[in-house]
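Enquirer: The structure that follows is given in the form of structure tokens.
We did not get these values from a lab; they are worked out from the coordinates using the rules stated. Since the model is a prediction, treat every value here as computed from it, not as a measurement. No Cβ is skipped: glycine too gets one built from the backbone with ideal geometry, and neighbour counts run over all protein chains shown.
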Amino acid sequence: NIAYGEREREVLAALSGKGLRWREVVLDYTGSTLDKVLDFYRRSTFIPVRPDRLRIPLTAPVEHVVEEVNRFRPDVIFGYASHLELIFRTVAARGLAMHRPAVVLYAGEAMTEPGRRLIREDFGIAVVAFYN
């Protein structure tokens with residue numbers, strides 16, 4: 001899994017335009033599988049350069065997510081497909097001003113084609129699946 005992850009890091013580094021030191025917002029919950037994997041990586045591997053990462057709980061209101069994204073200005077936003085789609089649909093519907101990362105990375109489930117199209121075409125953000 002770590003070797004596979006390193007190949008993915010190269011893709012994200014290229015898409016973010018920041019090399020291996022991109023800024024990343026992770027939308028998940030404490031105790032998630034992702035939480036456990038990232039903790040294992042921190043404890044068990046030597047990766048000299050890691051992304052700067054801000055974690056935002058899934059339970060945070062959209063307004064808080066937008067506020068944190070605007071403050072942190074990530075190059076990558078990572079989360080569950082349906083949650084990311086909901087956030088971008090809400091931002092579009094409410095006309096909220098949100099910093100646009102270079103990449104939206106989703107996992108845990110498939111994202112709908114209309115959701116990918118909205119993020120890619122309306123927001124101009126690359127959409128990458130981390131889902132099987």
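Enquirer: Mind giving me the FRET efficiency for Thr33 and Val11? R0 is 25 Å, r the Cβ-Cβ distance, nearest 0.05 is fine.
Expert: 0.75
Enquirer: Under the rule of -39500 (n - 2.57) per DSSP H run of 4 or more residues, summed and divided by the residues of the chain, what mean residue ellipticity at 222 nm is obtained, to the nearest 500 deg cm²/dmol?
Expert: On the way: 5 runs with 57 residues, N = 132.
After summing the helix terms and dividing by the residues of the chain, the value is -13000 deg cm²/dmol.
Enquirer: While we're on this one: So, with +1 on the Cβ of K and R and -1 on the Cβ of D and E, and no other charges, what is the size of the charge dipole of the range 1-101 about its Cα centre, to the nearest 20 debye? Can you show the working numbers first?
Expert: On the way: 16 positive and 13 negative charges, 48 e Å.
It works out to roughly 220 debye.
Enquirer: Sort largest first and round to whole Å: the equivalent ellipsoid semi-axes of the range 69-132, each the square root of five times a Cα gyration tensor eigenvalue.
Expert: Sorted largest first and rounded, they come to 17, 13, 10 Å.
Enquirer: Assign one of three labels to the range 21-65, namely rounded, prolate or oblate, based on the Cα gyration tensor with a ≥ b ≥ c the square roots of its eigenvalues; rounded applies when a/c is under 1.5, prolate when it is not and a/b is larger than b/c, and oblate otherwise.
Expert: Oblate.
Enquirer: Give me the number: length gained by fully extending Leu58 to Ala110, i.e. 0.36 nm times residue separation minus the C-alpha to C-alpha distance, one decimal in nm.
Expert: 17.0 nm
Enquirer: Explain nothing, just compute: Karplus ³J(HN,Hα) = 6.51 cos²θ - 1.76 cosθ + 1.60, θ = phi - 60°, for every residue of the range 84-95 in order, whole Hz, x for Gly and Pro.
Expert: So the J values, rounded to whole Hz, are 4, 4, 4, 4, 5, 5, 5, 4, 5, 5, 8, x.
Enquirer: Run the numbers on the chain and let me know its relative contact order in percent, using alpha-carbon pairs under 8 Å that are six or more apart. Mind dumping the intermediate values first?
Expert: Values: 186 pairs, mean separation 31.7, N = 132.
With pairs under 8 Å counted, the relative contact order is 24 percent.
Enquirer: Here is a follow-up. Between rounded, prolate and oblate, where does the range 1-75 land on the alpha carbon gyration tensor, with a ≥ b ≥ c its root eigenvalues, rounded for a/c under 1.5, else prolate if a/b exceeds b/c?
Expert: Working: a/c = 2.37, a/b = 1.30, b/c = 1.82.
It is oblate, given that a/c is not under 1.5 and a/b is not larger than b/c.
Enquirer: Which value results for Rg/Rh of the chain when Rg is the Cα radius of gyration and Rh the Kirkwood radius based on the inverse mean 1/r?
Expert: On the way: Rg = 14.2 Å, Rh = 15.1 Å.
My calculation puts Rg/Rh at 0.94.
Enquirer: Angle check, please: helix 33-44 long axis (alpha carbons) against the longest principal axis of the chain (alpha carbons), in degrees 0 to 90, nearest 10.
Expert: Approximately 30 degrees, to the nearest 10.
Enquirer: Hey, another quick one. Could you give the distance between the Cα centres of the range 15-33 and the range 83-132, to the whole Å?
Expert: After rounding, the separation between the Cα centres reads 15 Å.
Enquirer: If I model a spin label as a point 7 Å beyond the Cα along the Cα-Cβ vector, how far apart are those points for Arg43 and Arg120 in nm?
Expert: 3.9
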